[in-house]
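Some notes on the structure that comes next.
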């Protein structure tokens, strides 16, 4: 009796300590996020209050030293590159998830899945190097200079396809067997089962993967700096060299001061808001696969 | 042949089981006395381990045939071999013959999708797709070539009326099927199967995941489908088997493989079984 009491009380003390450790870690990581957003707000506040949010969108150019703070060309370049990459990567990623689960012989599917996981971990600067030496000259052969929105889109596609493939694959894996068996028992073909039962059932997870991939594309910096040309202009053609918001921060932060520096924080704040919105939408969708 | 009793010693060895003929006249009026499905010496193994050994029986057109027996005696394996759903399980091997309207379903020429359209299946857990009620019914029809809107609407209406669901869902055909109650979902699954106008319905414990009220409704539905469809139902529920079935087959586990012990008119299986294992099982002494 005494013994069991002691052991259960020591267990409950261990439990309490574990709960405290887990809670501290959890609170710590969310506090870091809050701190980052607070820091962005604090640093961009001088620009937001003196220049005003509207001028960041409507000023005709980005010449911060001359009092022109138009971020619109870079915002549109960021959006165009991300949207373009999502358009290319979605069919690739979803097809790859379907291929390795439903069509590939098991060893090939396994290899394919692993290579997707590895690709998602390749440092972006390495992908940028490859883009700089392979993609940019290739585009340059048809439409000089080569460093362009298109190069940015292609590089981002390589980087976000694994995200979509892995998330879609996880969504397909989480479906109950009953859907597939039920569909086969009704005499549906494999294509019909996929198109009309499995993919619609997994669409929440697939959509979440697409949004997270879009968030990753928006936030990508290094590879984009290397391949997209870095000229501040609104993209009118796929072959125009452009500069994304992220690239702008990376390129100018080193020497920016005063309201120039503060307006770079404004672009950081803008990106963070976009990414949070995408992540929130992804989170809602992924918790929502049961309704249809 | 209608009645069948395993000669327990014979099934243990290699010899073919002994058969005895039962009286045809005793068959229920809804049944045609000719088999729709003839199973001959069916042996089914998973990765070389037999789950079902040398099962032979006839399933009669328009009748309800109940498969009874303890868990793990191969009832589900038997059902899923009838529409070749067993093909989906890696390492599953089937020996013996299954004749559906005289054609061997394992023939190279058999169109498996067409077979599965004619032999529908209802699972233990209701498995409507996460689509609307209407899409659940229409999508398989479209895949089997029904394209005209009027035909689709008529099929949706007809199948929902047949399962008694029409009045309950007529105003919300476009609502998600997963919002229905468990019993309604199971009836929707039955409607989805019969919308394809199958000849045979295989039901694997169709009521066991439902509450008692829904279970009664589904059971009444099965009874009302008798005559129109050939039904094979696997069930743990002996009272249910007795209420709905015309024929019953009793499965038992021998040497870790399912075997058919006795097959006969349902009444006879329950009231005057010829094999002592059957008698012990239906009286509740074993199982």
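What follows is calculated from the coordinates using simple rules that are stated; it is not laboratory data. Everything numeric in this text was worked out from a predicted model, so none of it was measured. Quick reminder, even Gly has a Cβ in these numbers, built from the backbone with ideal geometry, and neighbours come from all protein chains shown.
The table for this structure:
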item: Length-normalised contact order of the stretch A:215-273 in % [C-alpha pairs under 8 Å, at least 6 apart]; result: 31 percent
item: Fewest-first sequence of B:138, B:276, A:43 by Cβ atoms within 10 Å of each Cβ; result: B:276, A:43, B:138
item: Separation in nanometres of the label points that stand 7 Å from Cα toward Cβ, at residue B:175 and residue A:22; result: 3.8 nm
item: Pair-distance profile P(r), taking every C-alpha pair of the stretch A:28-110, with 5 angstrom steps and integer %; result: 3, 12, 11, 11, 11, 12, 11, 9, 7, 5, 5, 3, 0
item: Calculated log₁₀ intensity ratio I(q)/I(0) where the Debye formula runs over C-alpha points of the stretch B:53-121, q = 0.12, 0.21, 0.25, 0.26 Å⁻¹; result: -0.33, -1.07, -1.51, -1.60
item: Candidates A:219, A:258, A:209: whichever shows maximal mean-square fluctuation once chain A is modelled as a Gaussian network with Cα springs under 10 Å; result: A:258
item: When the convex hull of its Cα atoms is projected in every direction, mean area for the stretch B:135-184 (nm²); result: 3.6 nm²
item: Residue-averaged beta-carbon neighbours from other chains (10 angstrom radius) around A:190-197; result: 3
item: Hydrodynamic radius (Kirkwood) for the stretch B:23-157, which is based on Cα pairs only, to one decimal in Å; result: 17.2 Å
item: Cα convex hull volume per residue for the stretch B:138-238 (Å³); result: 106 Å³
item: Most mobile listed residue (A:109, A:84, A:180) in chain A, GNM with C-alpha springs under 10 Å; result: A:180
item: Of all DSSP beta bridges in the stretch B:165-287, antiparallel share, percent nearest 5; result: 55 percent
item: Coarse-grained scattering of the stretch A:151-218 at q = 0.14, 0.20, 0.27, 0.29 Å⁻¹, given as base-10 log I(q)/I(0) from a Debye sum over alpha-carbon atoms; result: -0.49, -0.77, -1.06, -1.15
item: Tail weight of P(r) past 44 Å, computed on alpha-carbon pairs of the protein assembly as shown, percent; result: 42 percent
item: Calculated on alpha-carbon atoms, Rg and Dmax of chain B in Å; result: 18.9, 60
item: Average other protein chain Cβ within 10 Å of Cβ, residues B:123-130; result: 6
item: The stretch A:71-286: relative contact order as a whole-number percent, Cα under 8 Å and 6+ apart; result: 31 percent
item: Computed over chain B: relative contact order in percent, which uses C-alpha pairs under 8 Å that are six or more apart; result: 26 percent
item: Computed Rg/Rh of the stretch A:71-286, alpha carbon atoms with Kirkwood Rh; result: 1.05
item: Principal semi-axes in Å for the stretch A:164-292 [√(5λ), Cα gyration tensor, largest first]; result: 42, 16, 10
item: Cβ-based exposure ranking for A:130, A:110, in which fewest neighbours within 10 Å come first; result: A:110, A:130
item: Residue exposure sequence - B:247, B:4, B:46, A:255 - by fewest surrounding Cβ within 10 Å; result: A:255, B:46, B:4, B:247
item: For the stretch A:138-188 versus the stretch B:203-221, the gap between their alpha-carbon centres in whole angstrom; result: 43 Å
